[in-house]
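Heads up: the structure comes next, in structure tokens.
The values are calculated or read from the model by the stated rules, or taken from the named source; none is laboratory data. A quick note: this is a predicted structure, and the numbers were derived from the prediction, not measured. Please note: Cβ atoms are built from the backbone with ideal geometry, for glycine as well, and neighbour counts cover all protein chains shown.
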Amino acid sequence: MNDVTKRVWATHDFKVKMLDWSGSRGSRLAYTCRLCGRKFCLFTISNQGAWAVDGEGRALQSAVSDRWLAESCPRQTGTSDDEDRKLLSRPPAH
């Protein structure tokens, strides 16, 4: 993470949970903000960076991830976030 992203990241009050582990990417951690409800995932070894996910852990579109990572914590759940959570990077399998 760059310095700007680190400062924005620090505005959230995260609870962290380890989801799984990969030998090449390390642990996949889920970060959920207690204040705004935004959720992100991050591998501990990979240089991929964090990405936004919906309530089921599915990756959201890159535009949503980029915007959420650039914004400070809104301190409450917003209706626009509910719409953002519908913008999956890959459509769900049927």
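With (1) modelled with pLDDT of 95 or more; (2) loosely packed, with under 13 Cβ neighbours inside 10 Å as the list, and H94 as the residue in question, which single condition is left unmet?
Going through (1) modelled with pLDDT of 95 or more; (2) loosely packed, with under 13 Cβ neighbours inside 10 Å one by one, H94 breaks only (1).
Out of the stretch 75-89, which residues are part of a loop (DSSP other than H, G, I, E, B) and among the hydrophobic types (A, V, I, L, M, F, W, C)?
First, the residues of the stretch 75-89 that are part of a loop (DSSP other than H, G, I, E, B): 75-78, 85-87, 89.
Residue satisfying the conditions is L87 alone.
So, G26, is that one surrounded by 11 or more Cβ atoms within 10 Å (Cβ to Cβ), modelled with pLDDT under 90 and at positive phi or not?
Details: surrounded by 11 or more Cβ atoms within 10 Å (Cβ to Cβ): yes; modelled with pLDDT under 90: yes; at positive phi: yes.
In short, yes.
Can you work out which of the residues in the stretch 6-19 that are farther than 22 Å from R58 by Cβ and of a type in the set (V, I, T) is surrounded by the fewest Cβ atoms within 10 Å (Cβ to Cβ)? Step through it out loud before you land on a result.
Within the stretch 6-19, the first condition is being farther than 22 Å from R58 by Cβ, and the residues that meet it are 6-8, 10-11, 13.
Adding the requirement that they be of a type in the set (V, I, T) leaves 8, 11.
Working: V8: 17, T11: 14.
That would be T11.
Just one of L88, L60 is in contact with a strand residue (DSSP E or B) (Cβ under 7 Å, 6 or more places away or on another chain), surrounded by fewer than 17 Cβ atoms within 10 Å (Cβ to Cβ), among the hydrophobic types (A, V, I, L, M, F, W, C) and touching a residue at least 24 places away in the same chain (Cβ under 8 Å); which is it?
L88
Filter the stretch 1-52 for residues that are part of a loop (DSSP other than H, G, I, E, B) and touching a His at 6+ places or on another chain (Cβ under 9 Å) and give the result. So that I can check it myself, show each step before the final result.
Pass one, the stretch 1-52, residues part of a loop (DSSP other than H, G, I, E, B): 1-2, 10-13, 23-25, 34-38, 44-50.
If the condition is that a residue be part of a loop (DSSP other than H, G, I, E, B) and touching a His at 6+ places or on another chain (Cβ under 9 Å), then R34, L35, C36, R38 are the ones that fit.
Among the residues of the stretch 38-45, is there at least one that is among the charged types (D, E, K, R) and loosely packed, with under 14 Cβ neighbours inside 10 Å? Before the answer, list the steps.
Initially, the stretch 38-45 is screened for residues among the charged types (D, E, K, R), giving 38-39.
Among the residues that remain, those that are also loosely packed, with under 14 Cβ neighbours inside 10 Å are: none.
The answer is no, given that none of the residues of the stretch 38-45 is among the charged types (D, E, K, R) and loosely packed, with under 14 Cβ neighbours inside 10 Å.
Filter the stretch 63-80 for residues that are surrounded by 12 or more Cβ atoms within 10 Å (Cβ to Cβ) and either among the small types (G, A, S) or touching a Phe, Trp or Tyr at 6+ places or on another chain (Cβ under 8 Å) (or both) and give the result. Spell out how you get there, then give the answer.
Within the stretch 63-80, the subset surrounded by 12 or more Cβ atoms within 10 Å (Cβ to Cβ) is 63-69, 71-75, 77-78.
Listed by number, the residues that qualify are A63, S65, W68, L69, S72, G78.
State whether the residues of the stretch 53-74 include one that is under 23 Å from N2 (Cα atoms), in a strand (DSSP E or B) and in contact with a Cys (Cβ under 6 Å, 6 or more places away or on another chain). Explain how you work it out, then say what you get.
Initial filter on the stretch 53-74 (under 23 Å from N2 (Cα atoms)): 53, 59-74.
Those left that are additionally in a strand (DSSP E or B): 53, 59-60.
In the following step, the residues that additionally are in contact with a Cys (Cβ under 6 Å, 6 or more places away or on another chain) were identified as 53.
Yes - at least one qualifying residue is present in the stretch 53-74.
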